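Asks: Sharing a structure below in structure tokens format, with a few things to ask.
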Amino acid sequence: MPTITTKDGTQVFYKDWGKGQPIVFSHGWPLSADDWDGQMLFFGQRGYRVIAHDRRGHGRSDQTWDGNDMDTYADDLAVLFEKLDLKDAIMVGHSTGGGEVARYLGRHGAKRVAKAALISAVPPLMLKTEKNPTGQPREVFDGLRAALATNRPQFYRDITLPFYGYNRPGAKISEGIREHWWLQGMLGGMKAHYDCIKAFSETDFTEDLKKIDIPVLVMHGDDDQIVPYPDSAPLTAKLVKNATLKTYKGFPHGMCTTNADTINLLAFPKT
């Protein structure tokens, strides 16, 4: 399996398919590079080089006890960019991966990046604070941690329902998609997944977003039950200098899977 070795010796798995302008995908919690397979096939067949990694503690990468935070995630991604000598890349991040993209650009700059897409992404900040009064209370994330620690297998089955909007009236449920989500989650490390809840919910990406000057497409469904739309995409679009906001009526958090045809055809490389 292809891997990079990060600054602290962690082995991070990645996929690297095709040739052409690189598109680098960052996955959501608690998934893996496999969550991007549909997009990687789609864009790979259209002349792009498509790359996705398993974040440390996720998928096939080392299950680290420490380093499960946004700064380290961004630094790991920088090592991948350097090893593969990526240039003129398009960065695409879903959910937690959107935070990873924002922190990478804020921390390492855009010298290797042409543009980016943030899909159902966690920035600017999910947690309710004095400066972010419309965010979600800490009790919400405490509940996620408690459910994970108590019965991770059942928790990962249950969360697929709101993740894909399968709990909505008339939803067409795919058990295959639910099982794929569960499998990806269970491959990862429990401690890393536990810590990552803090990383995606408590990290404030405001200053990162302000630093970004490349074109950024912000894509979000207005029926996102995981990362609520009003507290994320519109605020991100206001903070990024060169942002385009695209809102999808009725789309869930996992819209890259449930609505792949729409997301792929309208995705950033084609705008």
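The values are calculated or read from the model by the stated rules, or taken from the named source; none is laboratory data. Bear in mind that the values here come from a model prediction, so they are computed numbers and not experimental data. Neighbour counts are summed over all protein chains in view; Cβ atoms, including those assigned to glycine, are modelled from backbone coordinates with ideal geometry. What goes into the accessible areas is simple: the full protein's heavy atoms, side chains included, and nothing from ligands, DNA or RNA. Shrake-Rupley method; radii C 1.70, N 1.55, O 1.52, S 1.80 Å.
Asks: List the number of the failed condition for PRO123; all other conditions in (1) of a type outside the set (A, V, I, L, M, F, W, C); (2) open to solvent by 60 Å² or more (accessible area, probe 1.4 Å); (3) assigned to a loop (DSSP other than H, G, I, E, B); (4) under 25 Å from HIS108 (Cα atoms) hold.
Replies: Just one mismatch for PRO123, condition (2).
Asks: Ok, one more. With respect to GLY67, is the statement that it is open to solvent by 10 Å² or more (accessible area, probe 1.4 Å) and over 28 Å from MET126 (Cα atoms) true? Step through it out loud before you land on a result.
Replies: Numbers: open to solvent by 10 Å² or more (accessible area, probe 1.4 Å): yes; over 28 Å from MET126 (Cα atoms): no.
Against the criterion (open to solvent by 10 Å² or more (accessible area, probe 1.4 Å) and over 28 Å from MET126 (Cα atoms)), GLY67 does not qualify.
Asks: Turning to a different aspect of this structure: Which one of these does ILE263 not meet: (1) modelled with pLDDT of 95 or more; (2) assigned to a helix (DSSP H, G or I); (3) open to solvent by less than 10 Å² (accessible area, probe 1.4 Å)?
Replies: The number of the failed condition is (1).
Asks: Also: Looking at the range 27-46, can you tell me whether even one residue there is assigned to a strand (DSSP E or B) and touching a Lys or Arg at 6+ places or on another chain (Cβ under 9 Å)?
Replies: Step one: list which residues in the range 27-46 are assigned to a strand (DSSP E or B), which gives none.
No, the conditions are met nowhere in the range 27-46.
Asks: Moving to a separate point now. Identify all residues within the range 215-230 that are under 20 Å from TYR164 (Cβ atoms) and not hydroxyl-bearing (Ser, Thr, Tyr); write none if there are none.
Replies: Residues of the range 215-230 that are under 20 Å from TYR164 (Cβ atoms), as a first pass: 219-229.
Once the filter is applied, which keeps residues that are under 20 Å from TYR164 (Cβ atoms) and not hydroxyl-bearing (Ser, Thr, Tyr), the range 215-230 yields MET219, HIS220, GLY221, ASP222, ASP223, ASP224, GLN225, ILE226, VAL227, PRO228.
Asks: Is it fair to say ALA102 is surrounded by 24 or more Cβ atoms within 10 Å (Cβ to Cβ), part of a loop (DSSP other than H, G, I, E, B) and either among the aliphatic types (A, V, I, L, M) or more than 17 Å from the chain's Cα centre (by Cα) (or both)?
Replies: Values: surrounded by 24 or more Cβ atoms within 10 Å (Cβ to Cβ): yes; part of a loop (DSSP other than H, G, I, E, B): no; either among the aliphatic types (A, V, I, L, M) or more than 17 Å from the chain's Cα centre (by Cα) (or both): yes.
So ALA102 fails the test.
Asks: Okay, moving on. Using the structure shown, decide if LYS131 is farther than 16 Å from HIS253 by Cα and surrounded by 17 or more Cβ atoms within 10 Å (Cβ to Cβ). Show your work before the answer.
Replies: Numbers: farther than 16 Å from HIS253 by Cα: yes; surrounded by 17 or more Cβ atoms within 10 Å (Cβ to Cβ): no.
It is false that LYS131 is farther than 16 Å from HIS253 by Cα and surrounded by 17 or more Cβ atoms within 10 Å (Cβ to Cβ).
Asks: Give me the residue from the range 36-81 that is at positive phi and more than 15 Å from the chain's Cα centre (by Cα) and, out of that set, modelled with the highest pLDDT. First the steps, then the outcome.
Replies: First pass over the range 36-81, keeping only residues at positive phi: 47, 57, 59, 67.
This time we only want the ones that are more than 15 Å from the chain's Cα centre (by Cα), so: 47, 67.
Numbers: GLY47: 94, GLY67: 97.
Selected residue: GLY67.
Residue by residue, here is whether (1) out of contact with any helix residue (DSSP H, G or I) (no Cβ under 9 Å at 6 or more places or on another chain); (2) over 21 Å from HIS180 (Cβ atoms) holds:
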position: CYS196; (1), (2): no, no
position: PHE200; (1), (2): no, no
position: LYS211; (1), (2): no, yes
position: VAL218; (1), (2): no, yes
position: PRO228; (1), (2): yes, yes
position: LEU239; (1), (2): no, yes
position: THR257; (1), (2): no, no
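Asks: Considering each of LYS115, LYS87 in turn, give the residue that is over 12 Å from the mean Cα position of the chain (by Cα), more than 24 Å from HIS253 (Cα to Cα) and open to solvent by 10 Å² or more (accessible area, probe 1.4 Å).
Replies: Details: LYS115 fails: more than 24 Å from HIS253 (Cα to Cα).
Testing whether each residue is over 12 Å from the mean Cα position of the chain (by Cα), more than 24 Å from HIS253 (Cα to Cα) and open to solvent by 10 Å² or more (accessible area, probe 1.4 Å) leaves just LYS87.
Asks: Further question on the same structure: Show the residue pairs meeting these rules: Cβ distance below 7 Å; 6+ apart or different chains; first residue within the range 185-205 and closer than 13 Å to LEU144 by Cα; second residue open to solvent by less than 50 Å² (accessible area, probe 1.4 Å) and β-branched (Val, Ile, Thr).
Replies: Partner pairs satisfying both residue conditions: CYS196/THR96; PHE200/THR96; PHE200/VAL122.
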